[in-house]
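Asker: After the structure tokens below, expect a handful of questions from me.
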């Protein structure tokens, strides 16, 4: 995606299990061409940090860091779970539920009011049973894990399941979350910026 502030100039969302390095640069070139913007004219880069597929995160972040270093442009990294929570448009308590394989889910609790999103927990790696235990009435569940859990969620639980169209992070929401940080010049250090990996032993973000 290419944006000018909050204005979207060009966008393409792709969902892949594995992103190959030789497919990223052509995709970037195509988006820039659609936006009629030259790569050196960009003010900076926003990149999703996961958690998610190890290969996709590593290749995607390495590509952006390489471009940022070569062009001497700033980078802002945003958790993909934060971006996913922004798919929910109404004011609500939100639980992101993303398939982490092996009956585990990447999760995080949020509170959303207007365009303001507040993270209410650490990024967690929970089992299906643990997700079912922490759900609360009125809470909105969003993420591709919803499809795996919906048969186990009792109708009387009172939770709301997001539509499938909102199960994956959208580039526009990552860009929106990064905008304030760009305005404040709150950039990440590209030499130390790493993907968010969650480990079962402590369920905390490893940096």
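The values are calculated or read from the model by the stated rules, or taken from the named source; none is laboratory data. Keep in mind it's a predicted model, so treat the numbers as computed, not measured. Neighbour counts run over all protein chains shown; Cβ positions are idealised from the backbone, glycine included.
Asker: Of all residues in region 63-85, which are touching a residue at least 24 places away in the same chain (Cβ under 8 Å) and more than 25 Å from residue 117 (Cα to Cα)?
Answerer: 63, 65, 67, 68, 69, 71, 73
Asker: Something else now. What tally of residues in region 189-201 results from selecting those that are in contact with a helix residue (DSSP H, G or I) (Cβ under 9 Å, 6 or more places away or on another chain) and at pLDDT 90 or above?
Answerer: Counting residues in region 189-201 that are in contact with a helix residue (DSSP H, G or I) (Cβ under 9 Å, 6 or more places away or on another chain) and at pLDDT 90 or above gives 6.
Asker: Look at region 40-56 and say how many of its residues are touching a strand residue (DSSP E or B) at 6+ places or on another chain (Cβ under 8 Å) and more than 24 Å from residue 6 (Cα to Cα).
Answerer: Going through region 40-56 one residue at a time, the tally reaches 3.
Asker: Could you list all residues from region 16-31 that are closer than 25 Å to residue 186 by Cβ and modelled with pLDDT of 90 or more?
Answerer: 31
Asker: A follow-up question, please. Does residue 100 fit the bill of being under 16 Å from the mean Cα position of the chain (by Cα) and outside the structural domain of residue 6 (by TED's automatic domain parsing)?
Answerer: yes
Asker: Tell me, which helices (runs of 4 or more DSSP H) wholly within region 70-171 include 2 or more residues that are surrounded by 18 or more Cβ atoms within 10 Å (Cβ to Cβ)?
Answerer: 80-85, 145-149
Asker: If residue 177 passes every condition in (1) in a loop (DSSP other than H, G, I, E, B); (2) modelled with pLDDT under 95; (3) over 14 Å from residue 108 (Cα atoms) but one, which one does it miss?
Answerer: Among (1) in a loop (DSSP other than H, G, I, E, B); (2) modelled with pLDDT under 95; (3) over 14 Å from residue 108 (Cα atoms), residue 177 violates only (1).
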